[in-house]
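As structure tokens, the structure follows; a few thoughts come after it.
The values are calculated or read from the model by the stated rules, or taken from the named source; none is laboratory data. Note that this is a predicted model, so its numbers are computed, not measured. Positions of Cβ are backbone-derived with ideal geometry, glycine not excepted, and every protein chain shown enters the neighbour counts.
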Amino acid sequence: MKVLIAADGSNHSLAALNAFLSRRAWFRDVPAVELVHVHAPIPYPRAAAWAGKEAVDRYYDEESELALKPAEAILTRQGVPFRPVKLVGDAAREIIGHAAASDCDLIVMGTHGHTAMGNLVMGSVATKVLAASKVPVLLLK
């Protein structure tokens, strides 16, 4: 089984990771983990062009490293093998696309615990993934 775990470095994503790891007994074998971070693209294309592709790519890489580091430490401590994946784009779209392209069997995500009305007004990556993914999604709080 292959599981995509979305990680953004927040307490919510780390709580979801810990909740998932506490439920490893649900699975016959230790699942292969794709630890995915999606960085939003720089909103000003001219600024990105001015800074240069190398500088922008380095920025995305460094920011993704910081976001993934806490989750990587938890997985390493627990002895769970994982593959870090750094993506850039719309978070929901990238998560769904990567899960499909990597033949993931499950997407695990944390939620901020907003009500349904709050998600409707503010939007939520988890809500968008849940609505559009063909891969099952496990939301953990």
(request) Check whether at least one residue in the range 113-125 is part of a helix (DSSP H, G or I) and modelled with pLDDT of 90 or more, and report yes or no. (result) yes
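Among what's in the range 4-39 and is within 12 Å of the chain's Cα centre (by Cα) and part of a loop (DSSP other than H, G, I, E, B), pick the residue that is nearest to H98 (Cα to Cα).
Quick first cut of the range 4-39, residues within 12 Å of the chain's Cα centre (by Cα) only: 4-10, 12-14, 16-17, 33-39.
If we keep only those that are part of a loop (DSSP other than H, G, I, E, B) too, we end up with 7-10.
Details: A7: 14, D8: 16, G9: 19, S10: 21 Å.
Checking each candidate, the answer is A7.
Can you spot a residue in the range 40-58 that is under 22 Å from L138 (Cβ atoms) and in contact with a Gly (Cβ under 9 Å, 6 or more places away or on another chain)?
Just the residues of the range 40-58 that are under 22 Å from L138 (Cβ atoms), to begin with: none.
Checking the range 40-58: not a single residue is under 22 Å from L138 (Cβ atoms) and in contact with a Gly (Cβ under 9 Å, 6 or more places away or on another chain).
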(message) Any residue in the range 38-65 that is without any contact (Cβ under 8 Å) to a residue 40 or more places away in the chain sitting within a Cβ distance under 6 Å of a residue that is basic (K, R)? List the pairs, counting only those 6 or more apart or interchain.
(response) S64/K86
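Mind listing just one residue for me: the one in the range 16-64 that is small (G, A, S) and in contact with a Leu (Cβ under 7 Å, 6 or more places away or on another chain) and, of those, nearest to G79 (Cα to Cα)? Can you show your working first?
Of the range 16-64, the ones small (G, A, S) are 16, 19, 22, 25, 32, 40, 47-49, 51-52, 55, 64.
Still in the list and also in contact with a Leu (Cβ under 7 Å, 6 or more places away or on another chain): 16, 19.
On the way: A16: 17, A19: 16 Å.
For the range 16-64, the residue satisfying everything is A19.
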(message) Just the residues that are surrounded by fewer than 14 Cβ atoms within 10 Å (Cβ to Cβ) and either of a type in the set (K, R) or closer than 22 Å to V30 by Cβ (or both), please, taken from the range 48-68.
(response) K53, R58
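Specify which of the listed residues (Y60, Y44) is in contact with a strand residue (DSSP E or B) (Cβ under 8 Å, 6 or more places away or on another chain) and closer than 25 Å to A92 by Cα. Explain how you work it out, then say what you get.
Values: Y44 fails: in contact with a strand residue (DSSP E or B) (Cβ under 8 Å, 6 or more places away or on another chain).
Matching residue, one of Y60, Y44: Y60.
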(request) Give V38, V88 a once-over and let me know the one that is farther than 18 Å from H12 by Cβ, of a type in the set (A, V, I, L, M) and in contact with a helix residue (DSSP H, G or I) (Cβ under 6 Å, 6 or more places away or on another chain). (result) V88
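Please work out which residue is surrounded by the most Cβ atoms within 10 Å (Cβ to Cβ), limiting yourself to the range 1-45 and to residues that are small (G, A, S) and farther than 20 Å from E62 by Cβ.
A16
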(request) Filter the range 57-94 for residues that are farther than 15 Å from F20 by Cβ, within 14 Å of the chain's Cα centre (by Cα) and in a helix (DSSP H, G or I) and give the result. (result) E63, S64, E65, L66, A67, L68, K69, A91, A92, R93, E94
